[in-house]
Ligand code: SF4
């Protein structure tokens, strides 16, 4: 899926459900994790009023791992490169990689000093540091190299050349957070990039730094296409390009009306389940641990979960 973090506060509108593919995935991965992230950590952002346990959960839910890190930096640098293109400028890939490297160093340094304990929203927090995992310098360096390799692939893509020659007024989205309403819930989307091609079709572009996860990707693209239809008046079919920057593969998917209907039905079902889970006062008993222990390895809550 497109790199998508929780970029909105939990309680934007109290009592109103904010749905995203990320939240849905969290619920499907482990109900206990979902509970700790969305309910038990509530109020942990206020250091003055939060109790120790709530604050701890709040800090833990902001942890990232080194694999996610590469995706975040690559998306940030691509956004920077395309923002420059939009104003008629360009950033050489060497400069992008250099800037990405500086950012990674700064975030690594913040995390290893534990600055996130004071401010987990603004300071980078690595799972590996919090859990004192043994990670060699080579392994950290490898993540920086992956970042640079992804940016170099991006730079050489024919798609990027096509984007450069597309007038900015045909660009529709660039890492733009947006939302639409479905089932009285706010459905949050953040397409990496979207534009109108020369055949007047909307093209959704998703930059990938990880391996293909087709189930997640299918739902995410269907939800983005549902948004595209509402926001940009898309005709029958939306094109979606999944760009795997590590392997230099571009997969094109055509999203039909039937795909959109499928996506919306999945969202409706998910919203219904989230509402059932949160009815009344959500208590931990309603949210069992997953039986699949392979999901626990990189779970931010494993210390407090006691699995
Ligand atoms: S450690 Fe495992 S069981 Fe516990 S919350 Fe995380 S994923 Fe769920």
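The values are calculated or read from the model by the stated rules, or taken from the named source; none is laboratory data. Everything quoted here is computed from the prediction, not taken from an experiment. Cβ: placed from backbone, ideal geometry, glycine included. Neighbour counts: every protein chain shown.
Structure data summary
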item: Pick from region 160-178, criterion in contact (Cβ under 8 Å) with a residue 60 or more places away in the chain and surrounded by 15 or more Cβ atoms within 10 Å (Cβ to Cβ), ranking: nearest to the chain's Cα centre (by Cα); result: 175
item: In region 249-264, the residues that are surrounded by 18 or more Cβ atoms within 10 Å (Cβ to Cβ) and at pLDDT below 95; result: 253, 255, 259, 260
item: Tally of residues being in a helix (DSSP H, G or I) and either surrounded by 19 or more Cβ atoms within 10 Å (Cβ to Cβ) or touching a helix residue (DSSP H, G or I) at 6+ places or on another chain (Cβ under 6 Å) (or both) across region 131-148; result: 5
item: Filter pass, residue 276 being free of Cβ contacts under 8 Å to residues at least 12 places away in the same chain and assigned to a helix (DSSP H, G or I); result: yes
item: Every residue from region 71-89 that is more than 21 Å from the chain's Cα centre (by Cα) and either surrounded by 17 or more Cβ atoms within 10 Å (Cβ to Cβ) or touching a residue at least 12 places away in the same chain (Cβ under 8 Å) (or both); result: 85, 86
item: Unique match (being in a strand (DSSP E or B) and surrounded by 22 or more Cβ atoms within 10 Å (Cβ to Cβ)) among 188, 223; result: 188
item: Filter pass, residue 39 being modelled with pLDDT under 95, in a helix (DSSP H, G or I), outside the structural domain of residue 208 (by TED's automatic domain parsing) and farther than 19 Å from residue 153 by Cα; result: yes
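One line per residue, one yes/no per condition, for (1) touching a helix residue (DSSP H, G or I) at 6+ places or on another chain (Cβ under 8 Å); (2) more than 16 Å from the ligand (Cβ to nearest atom):
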residue	(1), (2)
233	no, yes
240	yes, yes
250	yes, yes
264	yes, yes
270	yes, yes
287	yes, no
291	no, no
